[in-house]
Amino acid sequence: MDKCVFIHTNERQWLGALVAEYSFRRNSANANKFDIRFIHTKDYPYLAEKEGKPFLRGGTTRVWRMDDLQSFTPMRFLPPKLMNHQGRAVVTDPDIFAVGDIYELLTRDMDGKAVMGRHRSGKAEKASQVATSVLLMDCEKLTHWQPEKEFDELFRFEKDYKEWMVLGYQDPDTVGYLENWWNDFDHLDDNTRLLHNTKRKTQPWKTGLPVDFTPADKFKEYSLLASANRLRAKVFGEYGLLGRYKEHPDPRQEALFFGLLKECLECGQVSEQLLRDEMRKNHVRHDAFEVLERTPSLKSRQA
């Protein structure tokens with residue numbers, strides 16, 4: 001098909017990816033008109049080849065870890081190549097779930113732009129930055145994207161990860177902006193089309209588990225705090241003393257995820273054994289079955 005949704009993921013977010021795939025089909029009136037494909041880190045060995053090596057991120061260095069919760073992000077730019085630079089593609093993170101019809105996004109007017117995403121921030125100084133966790137792409141216009149080469153450039157300090165992730169190297173005239181509801185950051189209302197559980201520490205399926213992601217670079221302007229953070233990682237490990245995942249502040253978002261997961265178990269999209277395996281690996285909260293029992297069934301189709 002000339003339209004495809006790509007979900008990029010890694011082992012730690014595999015359950016989320018499966019639930020996301022189900023939600024895209026479930027809530028589309030045109031589910032037979034597009035493909036859904038996974039882009040999994042295990043299938044792209046050039047990522048693992050950089051394990052433990054420093055790369056440029058936000059003007060400083062960070063060490064590449066394949067076991068980080070978001071090690072899939074460099075694959076956001078693969079869909080045009082995977083589509084042979086033809087047709088339309090949407091790429092999403094594995095923690096994004098449809099409550100609207102994603103076919104409307106795949107077929108929307110792009111006004112001649114090559115790529116579209118929502119504004120990452122409301123701050124004036126970041127007005128041009130794109131949240132690449134959901135991208136709509138006209139694949140024919142993105143032949144210059146070379147994800148493997150660009151990933152390598154991070155480790156040669158020729159490109160900065162943060163600039164890459166916000167489309168900082170893309171010609172701004174080719175970039176368009178989506179309505180926020182196509183990538184709603186931990187916000188769910190009647191307008192939401194794609195819900196993004198973007199605050200990693202409150203992802204509903206991870207409540208109570210030890211944190212397993214590298215925190216954002218919030219201390220780089222404060223040398224003492226930055227030094228303390230580096231010492232923490234050196235002494236206690238990359239995720240040491242970072243605490244545990246918290247309960248999501250919006251019960252409706254927990255209910256949405258577990259309502260979708262309940263249906264996935266009923267239809268075979270997710271097996272009970274897979275869910276138990278993910279719990280054992282600390283990828284899914286240990287009380288998942290108890291949460292499923294108390295979660296009400298979803299309406300026949302999300303509005």
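The values are calculated or read from the model by the stated rules, or taken from the named source; none is laboratory data. Remember, it's a predicted structure, so these values are computed and weren't measured experimentally. Virtual Cβ from ideal backbone geometry, glycine too; neighbours counted across all protein chains shown.
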Considering only region 11-103, give the strands (runs of 3 or more DSSP E) lying wholly within it that have at least 1 residues that are farther than 19 Å from Asn183 by Cβ.
35-40, 54-57, 60-63
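Looking at region 140-149 only, could you name the residues that are surrounded by 16 or more Cβ atoms within 10 Å (Cβ to Cβ) and under 20 Å from the mean Cα position of the chain (by Cα)?
First, pick out the residues of region 140-149 that are surrounded by 16 or more Cβ atoms within 10 Å (Cβ to Cβ): 141-142, 145, 147.
Selection gives Trp145, Pro147.
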Tell me yes or no: at least one residue of region 43-63 is farther than 21 Å from Val211 by Cα, in contact with an Asp or Glu (Cβ under 7 Å, 6 or more places away or on another chain), surrounded by fewer than 16 Cβ atoms within 10 Å (Cβ to Cβ) and at pLDDT 95 or above.
yes
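In region 119-129, is there at least one residue being crowded, with 22+ Cβ neighbours inside 10 Å and modelled with pLDDT of 95 or more?
no
Could you pull out the residue among Asp173, Asp109 that is farther than 26 Å from Trp14 by Cα and assigned to a helix (DSSP H, G or I)?
Details: Asp109 fails: assigned to a helix (DSSP H, G or I).
Answer to the selection: Asp173.
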I'd like the full set of residues that are farther than 24 Å from Ala29 by Cα and either under 17 Å from the mean Cα position of the chain (by Cα) or surrounded by 19 or more Cβ atoms within 10 Å (Cβ to Cβ) (or both), limited to region 85-114.
Ala114
Does Gly117 satisfy the criteria of being on the phi > 0 side of the Ramachandran plot, in contact with a strand residue (DSSP E or B) (Cβ under 8 Å, 6 or more places away or on another chain) and in the same structural domain as Phe24 (by TED's automatic domain parsing)?
no
Taking only pairs six or more apart or across chains, which ones have beta-carbon atoms under 7 Å, a first residue in region 288-303 that is β-branched (Val, Ile, Thr), and a second residue that is in a helix (DSSP H, G or I) and at pLDDT 90 or above?
Val291/Phe258; Thr295/Ala255; Thr295/Phe258; Thr295/Gly259; Thr295/Lys262
Residues located in region 249-295, provided they are under 21 Å from His187 (Cβ atoms) and part of a loop (DSSP other than H, G, I, E, B):
Pro249, Asp250, Thr295
